[in-house]
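Mind having a look at this structure? Questions to follow.
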Amino acid sequence: MTTLNKIITIDGSLGEGGGQILRTSLALSAILGMPLKVINIRAKRENPGLQHQHITAVKVVSALSNAKTEGLYLGSKELLFYPNKLSGGNFEFDVGTAGSVMLVLQAILPILPFLETSTKIVLKGGTDVPGAPTFDYFKNVTLELLKRIGIDMKANIKRRGYYPKGGGIVDIFIESPKGRLKNIELVKRGELKKIKIFSVAHKLPSHIAKRQALSAQSFLEERLQGILYETEIEDDEKNHELASFSPGTSISIIAEAKESILGGDSLGKKGKPAEKVGEDAAKVLIEDISTQMALDRFMSDMIIPFLALAKGKSKVGGSRLTLHAITNILVIEKILNIKAKVLGKQEEPFIIEVDGIDPFSLYVK
């Protein structure tokens with residue numbers, strides 16, 4: 001297969017104007033073999049242009065697609081990306097800061113099912129940092145829901161990474177990629193079955209993780225009855241091998257329902273009581289599960305590129321139509337020349353229908 005001849009230009013000031021535009025565009029470009037030009041990168045951010053985590057994302061996607069790039073430097077507001085044939089293997093990349101490994105993964109995940117060989121990628125950076133999902137959310141919500149679409153991969157954490165030093169280590173592995181995705185229908189969550197709480201504290205007293213978990217469970221129990229709760233505490237005493245370079249705390253709450261899985265998370269910071277950290281995560285989760293929709297506000301936008309790459313019609317229900325979701329919709333529509341049908345208003349529950357494409361049908365033979 002050879003790449004498509006035309007180059008597509010994506011304006012980075014589109015919608016929410018952040019890094020999500022770059023990540024989604026890179027993934028689709030690599031899968032399609034379509035040259036890409038991204039302008040006005042992260043135009044609506046205080047520090048526009050490529051930052052360390054975005055550069056790492058480009059490097060990983062470039063390695064997976066044997067791509068050439070122009071404009072790949074810190075602060076760059078324009079990137080040219082020329083992908084070639086997809087190939088797997090073993091890779092290791094270091095963000096070099098506390099930049100989010102989880103956000104780097106958002107650019108990688110849509111590509112993995114279309115690789116020709118089993119692939120392992122080791123990423124170093126921030127695993128639980130502001131503006132991104134925690135590792136526990138990623139493993140227990142994102143990866144579990146992606147199994148429904150036909151992506152079966154493993155993720156392991158070797159060390160937590162908090163701001164400012166980062167240094168966390170995560171590896172992901174996909175064996176025998178299938179080369180296709182399955183369309184799905186997942187609108188309502190169904191009856192709630194179980195709540196899992198993952199509370200973490202490193203380089204800090206162990207009681208902090210326990211207080212986070214107790215606060216979260218107390219908040220949830222006041223609003224949800226008849227639910228089974230399970231709690232996992234991670235700290236330096238029990239899990240010294242995961243100890244981070246910087247002090248930090250995080251909590252991730254996972255709601256297992258009959259038809260779906262939803263999550264909420266929160267991070268600790270200096271001056272913020274552990275009880276508030278736990279309550280914040282629980283509050284987000286309560287807001288999302290109260291809509292009855294199958295997906296929480298985070299997966300509501302993260303799943304969109306996968307729906308577009310699954311041949312056939314998919315239909316999912318999201319708890320909140322965020323600007324991130326709207327932006328991802330705009331990107332897939334422009335690059336893949338498809339039209340998504342959205343029922344709902346911004347910042348409210350919504351249903352999205354996408355008639356996905358077979359990515360390989362768009363190649364020039």
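The values are calculated or read from the model by the stated rules, or taken from the named source; none is laboratory data. Source: prediction; values computed, not measured. Virtual Cβ from ideal backbone geometry, glycine too; neighbours counted across all protein chains shown. Keep in mind that these areas ignore ligands, DNA and RNA; they rest on the heavy atoms of the full protein, side chains included. Shrake-Rupley method; radii C 1.70, N 1.55, O 1.52, S 1.80 Å.
So, of the residues in the range 154-168 that are touching a helix residue (DSSP H, G or I) at 6+ places or on another chain (Cβ under 8 Å) and open to solvent by less than 70 Å² (accessible area, probe 1.4 Å), which turns out to be nearest to Ser300 (Cα to Cα)?
Among those that are touching a helix residue (DSSP H, G or I) at 6+ places or on another chain (Cβ under 8 Å) and open to solvent by less than 70 Å² (accessible area, probe 1.4 Å), it is Ala155.
Looking at the range 244-272, I want the residues that are within 17 Å of Met302 (Cβ to Cβ) and have a partner that is of a type in the set (D, E, K, R) and open to solvent by less than 10 Å² (accessible area, probe 1.4 Å) with Cβ atoms under 8 Å, at least 6 apart or on another chain. Which pairs are those?
Within 8 Å, the pairs are Leu262/Asp288; Leu262/Asp296; Gly263/Asp296; Gly264/Asp288; Gly264/Asp296.
One line per residue, one yes/no per condition, for (1) surrounded by fewer than 19 Cβ atoms within 10 Å (Cβ to Cβ); (2) under 20 Å from Asp301 (Cβ atoms):
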position	(1), (2)
Gly96	yes, no
Leu103	no, yes
Pro130	yes, yes
Asp152	yes, no
Val170	no, no
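Sticking with this one: Looking only at residues in the range 49-70 that are part of a loop (DSSP other than H, G, I, E, B) and among the hydrophobic types (A, V, I, L, M, F, W, C), which one is nearest to Lys165 (Cα to Cα)?
Ranking the qualifying residues of the range 49-70, first place goes to Leu50.
Right, next: When residues of the range 21-46 are filtered for being open to solvent by less than 10 Å² (accessible area, probe 1.4 Å) and part of a helix (DSSP H, G or I), how many remain?
Residues flagged as open to solvent by less than 10 Å² (accessible area, probe 1.4 Å) and part of a helix (DSSP H, G or I) within the range 21-46 amount to 11.
For the structure I just gave you, tell me whether Gly271 is of a type outside the set (A, V, I, L, M), touching a Leu at 6+ places or on another chain (Cβ under 8 Å) and within 19 Å of Ala209 (Cβ to Cβ).
When the stated conditions are applied, Gly271 does not pass them.
Where residues in the range 47-70 are over 24 Å from Gly168 (Cβ atoms) and of a type in the set (D, E, K, R), which of them is least open to solvent (accessible area, probe 1.4 Å)?
Here the residue is Glu70.
Sticking with this one: Which of the following residues is over 19 Å from Gly18 (Cα atoms), under 16 Å from the mean Cα position of the chain (by Cα) and not in a strand (DSSP E or B): Glu144, Glu116?
Matching residue, one of Glu144, Glu116: Glu144.
Checking the condition under 21 Å from the mean Cα position of the chain (by Cα), more than 30 Å from Gly317 (Cα to Cα) and touching a residue at least 12 places away in the same chain (Cβ under 8 Å), which residue from Ser76, Ser100, Ser65, Ser87 passes?
Ser65
To keep it simple, each residue is scored yes or no on (1) without any contact (Cβ under 8 Å) to a residue 60 or more places away in the chain; (2) open to solvent by 10 Å² or more (accessible area, probe 1.4 Å); (3) in a helix (DSSP H, G or I).
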| position | (1), (2), (3) |
| --- | --- |
| Ser300 | yes, no, yes |
| Leu307 | no, no, yes |
| Ser314 | no, no, no |
| Thr327 | no, no, yes |
| Lys334 | no, yes, yes |
| Gln346 | yes, yes, no |
| Ile352 | yes, no, no |
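May I pose another question? For residues that are more than 18 Å from Lys272 (Cβ to Cβ) and assigned to a helix (DSSP H, G or I), scanning just the range 189-223, find the one that is least open to solvent (accessible area, probe 1.4 Å).
Applying the filter and picking the extreme gives Leu220.
Can you tell me which of (1) part of a helix (DSSP H, G or I); (2) open to solvent by 10 Å² or more (accessible area, probe 1.4 Å) is the one Tyr73 doesn't meet?
Here Tyr73 meets the rest and fails (1).
Write out, first by first residue and then by second, each pair whose Cβ atoms fall under 6 Å of each other, whose residues are 6+ apart or on separate chains, and whose first residue, in the range 135-149, is touching a residue at least 24 places away in the same chain (Cβ under 8 Å) and over 16 Å from Leu112 (Cβ atoms) while the second is open to solvent by 10 Å² or more (accessible area, probe 1.4 Å) and not charged (D, E, K, R).
So the pair list comes out as Phe135/Ile157; Asp136/Phe198; Val141/Ile261.
Step by step: first the residues of the range 316-325, then only those that are open to solvent by 10 Å² or more (accessible area, probe 1.4 Å) and part of a helix (DSSP H, G or I), then the one that is farthest from Phe360 (Cα to Cα). Which residue is that?
Leu323
Of all residues in the range 105-128, how many are open to solvent by 10 Å² or more (accessible area, probe 1.4 Å) and among the hydroxyl-bearing types (Ser, Thr, Tyr)?
Qualifying residue count, the range 105-128: 2.
For Ser260, are the conditions met, namely being more than 20 Å from Gln106 (Cα to Cα) and of a type outside the set (Val, Ile, Thr)?
yes
Now for a different question. Scan the range 210-236 residue by residue and report those that are free of Cβ contacts under 8 Å to residues at least 12 places away in the same chain and touching a strand residue (DSSP E or B) at 6+ places or on another chain (Cβ under 9 Å).
Once the filter is applied, which keeps residues that are free of Cβ contacts under 8 Å to residues at least 12 places away in the same chain and touching a strand residue (DSSP E or B) at 6+ places or on another chain (Cβ under 9 Å), the range 210-236 yields Glu221, Gly226.
In the range 224-291, which strands (runs of 3 or more DSSP E) lie fully inside it and hold 3 or more residues that are open to solvent by 30 Å² or more (accessible area, probe 1.4 Å)?
In the range 224-291, 228-235 are the strands (runs of 3 or more DSSP E) which contain 3 or more residues that are open to solvent by 30 Å² or more (accessible area, probe 1.4 Å).
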